[in-house]
Amino acid sequence: MKLVNDVYSPVKCLPVHVTHDGMELLETSLETRKTGDNLFIEIGVDEANTGEALTELLKKHFPEALKVAFEEECEQIQFYI
């Protein structure tokens with residue numbers, strides 16, 4: 001008898017607390033909407049795999065977050081208010 005069909009493996013995520021203005025900038029620039037007070041942004045393993053527009057936005061406004069996310073091998077950055 002089989003008891004387990006699948007095991008959920010959550011992605012590694014870097015939580016970043018931002019201001020309302022920071023969240024509005026992200027929503028406007030990325031043309032997306034937050035869910036509740038959270039916005040999850042998927043990133044690649046490095047700058048080359050993340051996409052030029054997203055990389056430039058994050059480097060300009062949230063440079064430390066992007067750097068730490070790559071160092072920690074995160075798959076997403078969770079921006080929250």
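Laid out as a table, the results:
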item: Residues that are assigned to a helix (DSSP H, G or I) and among the acidic types (D, E), drawn from the range 35-81; result: E47, E52, E56, E64, E71
item: Scan of the range 18-30 for residues that are of a type outside the set (G, A, S) and surrounded by 10 or more Cβ atoms within 10 Å (Cβ to Cβ), ordered by number; result: V18, M23, E24, L25, L26, E27, L30
item: Residue ID - most open to solvent (accessible area, probe 1.4 Å), chosen from residues in the range 1-17 that are within 12 Å of the chain's Cα centre (by Cα) and of a type in the set (A, V, I, L, M); result: V11
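Yes/no per residue for (1) surrounded by fewer than 15 Cβ atoms within 10 Å (Cβ to Cβ); (2) touching a strand residue (DSSP E or B) at 6+ places or on another chain (Cβ under 6 Å):
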residue: D37; (1), (2): yes, yes
residue: F40; (1), (2): no, yes
residue: G44; (1), (2): yes, no
residue: A48; (1), (2): yes, no
residue: G51; (1), (2): yes, no
residue: E56; (1), (2): yes, no
residue: L66; (1), (2): no, no
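The values are calculated or read from the model by the stated rules, or taken from the named source; none is laboratory data. Just so it is clear, the model here is predicted, and its values are computed rather than measured. Heads up, the Cβs are rebuilt from the backbone with ideal geometry, glycines too, and the neighbour counts pull from every protein chain shown. The protein model used for the area step is the full one, side chains on, heavy atoms only, and it has no ligands, DNA or RNA in it. Shrake-Rupley method; radii C 1.70, N 1.55, O 1.52, S 1.80 Å.
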